[in-house]
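Encoded as structure tokens, the structure appears first; notes follow it.
The values are calculated or read from the model by the stated rules, or taken from the named source; none is laboratory data. Treat the numbers as computed from the prediction; the structure is a model and nothing was measured. Positions of Cβ are generated from backbone atoms using ideal geometry, with glycine treated the same way; all protein chains shown enter the neighbour counts. All accessible areas refer to the heavy atoms of the entire protein, side chains included, with ligands and DNA or RNA removed. Shrake-Rupley method; radii C 1.70, N 1.55, O 1.52, S 1.80 Å.
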Amino acid sequence: GAGVSQSPSNKVTEKGKDVELRCDPISGHTALYWYRQSLGQGLEFLIYFQGNSAPDKSGLPSDRFSAERTGGSVSTLTIQRTQQEDSAVYLCASSYSSSHEQYFGPGTRLTVT
Amino acid sequence: GENVEQHPSTLSVQEGDSAVIKCTYSDSASNYFPWYKQELGKGPQLIIDIRSNVGEKKDQRIAVTLNKTAKHFSLHITETQPEDSAVYFCAASKGAAGNKLTFGGGTRVLVKP
């Protein structure tokens with residue numbers, strides 16, 4: 001079946017601009033996660049949604065980062081006033097529930113110039 | 001919080017030989033340990049996982065062992081093939097805490113034909 005999809009696959013933006021990254025999880029998966037993969041920090045957790053519960057935002061690096069999940073499906077990660085250190089691959093993962101395996105999408109490569 | 005260390009950072013093996021990657025974790029409450037394979041330009045792909053109530057798990061040429069007392073777990077790949085060349089990540093999580101993953105730094109494996 002269809003896996004996790006993310007768009008765009010690549011995004012180049014100027015410093016100070018806002019960006020939105022989209023994630024479509026596997027159908028029926030109630031849990032959705034955002035991670036960031038960068039050369040200096042490796043793979044790091046950003047935020048987690050489970051059903052209708054309040055999201056776990058403990059990994060967001062600053063208040064410029066926010067995410068929402070509409071209708072329990074699609075999620076959007078928004079970065080405001082982008083900085084060069086935001087350049088990374090942003091990965092989305094979903095799982096059937098919070099106690100099941102996570103499946104990753106292909107990621108969005110963000111470059112801030 | 002949880003800290004996961006992964007060794008070695010790079011591993012070069014001859015086709016047909018075995019490869020072993022080791023990880024240690026710091027939080028004794030962690031109970032779920034997946035391994036991911038990441039090929040260039042793609043998202044991480046789950047290849048095997050183990051939960052803390054099991055000491056070893058095998059799937060064809062891949063096996064994972066877990067030592068809860070020592071807080072370390074290992075990935076074993078036997079009869080390596082060129083298509084095993086990739087970056088491998090170990091991770092740990094506390095399932096009840098929402099399953100957010102803490103990743104090791106990754107191991108770049110090169111299988112030489």
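If you count only protein heavy atoms with a 1.4 Å probe, what accessible area per residue comes out for the protein assembly as shown, rounded to a whole Å²? Walk me through the intermediate numbers first.
Numbers: 11090 Å² over 226 residues.
Accessible area per residue: 49 Å².
What range in chain A is the longest one free of GluC sites (Glu not before Pro) that are in a loop by DSSP and have at most 15 other Cβ atoms within 10 angstrom? It would help to have the intermediate numbers written out before the result.
Numbers: sites that count: A:Glu14, A:Glu101.
Result for the longest clean stretch: A:15-100.
Size of chain B along its principal axes in angstrom, Cα-based, largest extent first?
42, 28, 20
What does a probe at A:Gln80 reach in the stretch A:1-31, counting residues whose amide N is under 12 Å from the point 7 Å along Cα→Cβ?
A:18-19
Pop a pseudo-label 7 angstrom from the Cα along the beta-carbon direction at both A:Asn52 and A:Leu39 and give the gap in nm to one decimal.
Taking the simple label geometry, A:Asn52 and A:Leu39 are separated by 4.6 nm.
So which GluC sites (Glu not before Pro) in the stretch B:50-87 end up in coil per DSSP with only 14 or fewer other C-beta atoms within 10 Å?
Values: sites: B:Glu56, B:Glu79, B:Glu83; in loops: B:Glu79.
Passing both the DSSP loop test and the Cβ count: B:Glu79.
Taking 19 Å as the cut-off for C-alpha to C-alpha distance, list the pairs among B:Lys22/B:Lys58; B:Lys37/B:Lys58; A:Lys57/B:Lys37 that go past it.
On the way: B:Lys22/B:Lys58 16 Å; B:Lys37/B:Lys58 16 Å; A:Lys57/B:Lys37 26 Å.
A:Lys57/B:Lys37, as the Cα separations exceed 19 Å there.
Take the Cα pairs of the stretch A:49-94, get the Kirkwood Rh, then feed it into Stokes-Einstein at 10 °C and 1.306 mPa s and tell me D in µm²/s.
Values: Rh = 12.0 Å.
In µm²/s, the coefficient is 133.
Looking at the stretch A:1-109, which chymotrypsin sites (Phe, Trp or Tyr not before Pro) are DSSP coil and have at most 11 other C-beta atoms within 10 Å of their C-beta? Please report the intermediate quantities before stating the final value.
Numbers: sites: A:Tyr33, A:Trp34, A:Tyr35, A:Phe45, A:Tyr48, A:Phe49, A:Phe65, A:Tyr90, A:Tyr96, A:Tyr103, A:Phe104; in loops: A:Tyr96.
Here no chymotrypsin sites (Phe, Trp or Tyr not before Pro) fit, given the DSSP loop and packing criteria.
Using alpha carbon centroids, what distance separates the stretch A:46-113 and the stretch B:18-58, in Å?
Cα centroid to Cα centroid, the span is 22 Å.
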